[in-house]
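Quick note: the coordinates plus some simple rules give every number you see, no bench work behind them. No experiment lies behind these values; they were computed from the predicted model shown. Glycine gets a Cβ as well: all are built from the backbone with ideal geometry, and neighbour counts include every protein chain shown.
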Amino acid sequence: MFHRWVAQLSDDELTRQFLYATPDEAITKKGSITFIKRLGSGAFGEVFGATYNGEEVAVKEMAIRKIDVEMLTNKNMTIRKESRISMFNSEVAFLKRLHHPNILKLVDGFQFDKEKYIVITEICAGGELFDAIAGNGHLKISDARRVLRDVLSAVQYMHDMNVVHRDLKPENILLSVPWISDTAIPPVKIIDFGLAANWKGTPLYDICGTPNYAAPEVLLLLANKSTNPNINRGYGKECDLFSVGVILFVMLGGYLPFDGVNHDKVFWKIINGLPDFNDGVWNDVPETTKSFINRLLVKDPSERPSARAAIDDPFFETDDAGDIKVSVENLRGFVKMSKLKRLIRHEIAASLTIADQKRYLNAFGNGETMSKKDAQAKLLSYGIKKGKIVEFFNALDQNNNEKWDVAEFIAAVMEKHLYDTFETVRRAFGKLDKDGNGYITLAELENAVGETSANAIMEEIHGNGGTDGFDLKNLETYFKTHQPTDEEDGAEDTGSKAEEKSSENPDAGDFGVGYGEGEACSVQ
């Protein structure tokens, strides 16, 4: 655990050639694919339903040739021609790092002969969200709410991993399984990271995305083409939240909030913040929902909610996100971790969004705390051996008060995508750093976990020497030098061990990518 968040992607990694296999390896891999049926085709290749090493997958065959991306056309604008291959390599680099239930899972990918890439992903048989909207005219609020919950969960994770998608739209969201009428819409997956960017805390200036879904601050760069902060502020993660607002509008209204006869008209409406709520379809939509859309579509990015804040909007209050099935392997792995890792997990759990915490409440039980007796009974119900009950209880009892609270329980069983990111660890550090000076002292640790555990944590991070405290760099070094054992990792990860290896080694070759064909553009 805590090993992905310390591995920020470099600019070199985003441009290098990632798909590699020797000719013999490629032949072996190709031989492991059993093609079943053709699912579709686009300008860059064909997609097939198939099996790969016994797993049902989607396989895309992509021609190796440079194809210019469709660009925005606008007067007084310089066009940058960018090859699909460059975007493809960038996407592979990002998706090697991203493991989330609402982001398309990589399986494998390799170059076969001199003519094509073969890319293998999990299969999403439900098709594009765009087609689901078009087929129904618009979605019911309950279905739109489910989709948006999944999308915001993925966006929060991406942003916590310092990744900005920059091309969110219904065409880049897939339904995991076919949608049967009169049932709830199935879970969705975000695809197509070809225009994604590293977020380094400084403004982005690339003009890219899909016109009707692009944020005002992105389009304003067209009018004032400069990276001078006195002329252009650039943009950041907030651009994705604007796109999410457009997606919600389209799901409920069945049409675009900013439309026009040409790009100039569309841009003018977006920049001036004029969504069109005049259609009769909005008569039955609650004002609170319209207010949420307006919050997402506000012109000033500083006034937009983050993905983390948006998930806790009243729009989701009536949403049933479903309960979490507790993984006993996650629980066992948590007990095997160091005290420092367990403490960081606890602080992250205590800082989860209300929506994420709700998903664990039924598994925890009634109330905010659980007595030692009830906690031990729950551990027995999970199949923990009687002789191990005390060890397990003590490992979860972070504040040593002979009880469990909700955060202590969630810390032990929560899914990996909720804690193994850059920003979640930094937030946890900030919670422990009470005076905000960038340094966690022994006294601050004692306040959190007591004197005995605080001294033990200091010894873990510093060894026998130095017990005055540690900063975020010390914490990063600790995680880099204390990689998780198989016992610690348990069954919590959504990716395979091979994927973990490939994320550590850019030349490993065992990865792939799902690619959506869109109307995206990139200009400067």
- line: Whole-Hz Karplus couplings 3J(HN,Hα) for segment 146-151, θ = phi - 60° and coefficients 6.51, -1.76, 1.60, Gly and Pro as x, run 5, 4, 5, 4, 5, 5
message: Rg over Rh of segment 373-427, using C-alpha atoms and the Kirkwood radius, what does it come to?
response: 1.04
statement: For segment 289-303, Karplus-derived ³J(HN,Hα) couplings (6.51, -1.76, 1.60; θ = phi - 60°; whole Hz; x for glycine and proline) come out as 5, 4, 4, 4, 4, 4, 5, 6, 9, 4, 5, 7, x, 5, 8
field: Relative packing of 102-114, 356-368, which averages over residues the other C-beta atoms within 10 Å, highest first
entry: 102-114, 356-368
task: Just subtract the alpha-carbon distance of Asn394 and Lys140 from 0.36 nm times their residue separation and send over the number in nm, one decimal.
output: 86.8 nm
message: Could you order the peptides 475-484, 337-346 from most to least packed, using the average number of other C-beta atoms within 10 Å per residue?
response: 337-346, 475-484
Long pairs among Lys140/Lys325; Lys105/Lys169; Lys140/Lys169; Lys336/Lys473; Lys403/Lys473, criterion Cα-Cα beyond 21 Å: Lys140/Lys325; Lys336/Lys473; Lys403/Lys473
- prompt: Between Asn53 and Asn455, what is the label-to-label distance in nm when each label sits 7 Å out along the Cα-to-Cβ direction?
  reply: 4.8
task: Pairs to check: Lys237/Lys265; Lys385/Lys431; Lys341/Lys372; Lys237/Lys480. Give those whose C-alpha atoms are more than 30 Å from each other in this structure.
output: Lys385/Lys431
field: segment 402-412 - phi-based ³J(HN,Hα) in whole Hz, Karplus 6.51/-1.76/1.60, Gly and Pro as x
entry: 6, 9, 10, 9, 4, 5, 5, 5, 4, 3, 7
statement: Of the candidates Leu297, Tyr213, Val164, the farthest towards the positive dipole end of segment 129-316 (Lys/Arg Cβ +1, Asp/Glu Cβ -1, centred on the Cα centre) is Val164
- request: Please give every one of the lysines within straight-line cross-link reach of Lys114, meaning a C-alpha to C-alpha distance under 21 Å, and leave out same-chain neighbours fewer than 8 residues apart.
  value: Lys29, Lys30, Lys60, Lys66
query: What does the highest-first list of 255-267, 139-151 look like by mean Cβ count within 10 Å?
result: 139-151, 255-267
query: Which Cα, out of Ala412, Tyr382, Met458, lies furthest along the positive dipole direction of segment 328-491 (beta carbon charges, K/R +1, D/E -1)?
result: Tyr382
message: Using the crude model of +1 on Lys and Arg Cβ and -1 on Asp and Glu Cβ, and no other charge, please compute the dipole size for segment 93-212 relative to its Cα centre, in debye to 20.
response: 360
- request: Give me Glu317, Glu91, Glu61 ranked fewest to most by other Cβ atoms within 10 Å of their Cβ, as a rough exposure proxy.
  value: Glu317, Glu61, Glu91
task: Enumerate the amide H contacts of Ile103 below 5 Å, restricted to partners 5 or more residues apart or on another chain; note that Pro and chain-start residues carry no placed amide H.
output: Ile190
